[in-house]
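Accompanying notes for the structure given below.
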DNA sequence: CACGATAGTCCCGATATGTGACTATCACAA
DNA sequence: TTGTGATAGTCACATATCGGGACTATCGTG
């Protein structure tokens with residue numbers, strides 16, 4: 001989790017000298033999004049560590065989250081995750097060294113290589129999926145199932161409005177899996 | 001925007017070879033949070049740049065978001081933003097060089113210094129507030145005012161459950177100020 | 001007035017990211 | 001079948017960013 005940025009607030013007309021307090025009481029959308037993301041990252045990777053996956057960091061989530069058993073090209077991973085292909089290459093190097101993925105030649109294109117999860121990589125994915133599902137269940141318990149379902153729909157609708165790429169920094173550097 | 005991490009997905013039981021596609025169709029909470037945060041960051045700082053504040057980055061948001069006219073101690077900013085105090089010190093150095101803040105001695109404690117926004121800093125805050133409010137209005141238009149109000153309440157309720165500090169990376173590196 | 005804690009800063013090393021260039025291969029068309 | 005421009009992946013270098021340790025000044029308490 002190299003969390004890398006902060007945000008702002010839509011607090012309206014805070015009286016002088018009270019801004020920092022108002023922001024903590026009525027945080028803007030950026031702060032809410034950041035808290036949601038980083039708290040999720042913390043918990044997911046802490047729990048992954050307890051389950052034998054202590055060497056992967058949120059950075060690797062950009063790769064792990066989008067792998068599937070059939071293999072995915074690095075370029076595709078870059079597109080999905082919104083990272084530069086050089087960075088994807090490095091992350092794949094690291095994951096390969098840790099035994100989470102393998103590179104195989106793509107039979108359909110000799111320039112390309114498929115990034116394929118190993119059994120360990122698949123295990124990490126399963127654990128990460130479980131952990132996130134568990135967190136989501138907890139949130140559903142906090143605000144109620146219907147409210148949580150609506151929250152997810154609303155987030156999906158809002159985020160579908162915007163696209164993103166390497167120069168648009170879409171991604172979810174937050175997904176571990 | 002040095003966005004720095006990605007996340008995972010709670011996709012349940014994706015059939016082999018279909019994971020990456022399912023994730024894009026039904027992204028997990030981490031990916032949703034990341035997209036929300038980074039798209040907001042991109043837009044806020046792009047629009048701030050158009051309004052004469054092109055030299056501040058999302059990193060500075062951790063400071064700018066929590067300043068108020070009365071001044072805030074660096075330690076308090078570190079606590080609010082979840083960054084280490086060394087980093088806060090550096091960000092304040094940068095903002096001071098750019099003319100957004102000043103350091104003044106704290107009359108109540110000769111060890112401490114108050115970080116006080118200059119007129120330029122206050123201008124940035126006002127613009128950032130307006131931009132975020134505008135984005136929030138757009139989102140409300142997309143999913144409806146009541147749904148958006150509920151989204152905000154739900155996010156607040158969920159994020160209030162978790163605290164965060166320098167070693168818990170709460171913050172919202174996303175807020176510009 | 002001693003003692004432990006706190007505010008802020010400096011220094012250094014570790015981490016992470018971005019850019020440019022390069023090779024191999026592909027797709028398409030003349 | 002050969003030439004051309006585009007694409008996949010990688011290497012190397014520069015830059016940005018962060019984290020830990022240590023240090024000074026000051027506080028607060030007994």
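Below, the figures for the structure above:
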| quantity | calculated |
| --- | --- |
| Residue that is at the interface with chain B (Cβ under 8 Å from one of its Cβ atoms), surrounded by 24 or more Cβ atoms within 10 Å (Cβ to Cβ) and either at pLDDT 65 or above or more than 18 Å from residue B:66 (Cβ to Cβ) (or both), where the choices are A:38, A:45 | A:38 |
| Single match in A:120, A:110 (criterion: modelled with pLDDT of 95 or more, over 16 Å from the mean Cα position of the chain (by Cα) and within 13 Å of DNA strand D (Cβ to nearest atom)) | A:110 |
| Complete set of residues in the range B:68-99 that are away from DNA strand C (no atom under 11 Å from the Cβ), over 17 Å from the mean Cα position of the chain (by Cα) and either facing another protein chain (nearest Cβ under 10 Å) or free of Cβ contacts under 8 Å to residues at least 40 places away in the same chain (or both) | B:69, B:70, B:94, B:97, B:99 |
| Among the candidates B:155, B:122, residue that is under 19 Å from residue B:63 (Cβ atoms) and more than 16 Å from DNA strand C (Cβ to nearest atom) | B:122 |
| Filtered residues of the range A:95-113 (kept if out of contact with any helix residue (DSSP H, G or I) (no Cβ under 7 Å at 6 or more places or on another chain) and within 25 Å of residue A:48 (Cα to Cα)) | A:96, A:97, A:98 |
| Hits in the range A:34-67 (condition: without any contact (Cβ under 8 Å) to a residue 12 or more places away in the chain and within 13 Å of the chain's Cα centre (by Cα)) | A:36, A:39 |
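The values are calculated or read from the model by the stated rules, or taken from the named source; none is laboratory data. On a predicted model such as this, the values are computed, not experimentally measured, just so you know. Virtual Cβ from ideal backbone geometry, glycine too; neighbours counted across all protein chains shown.
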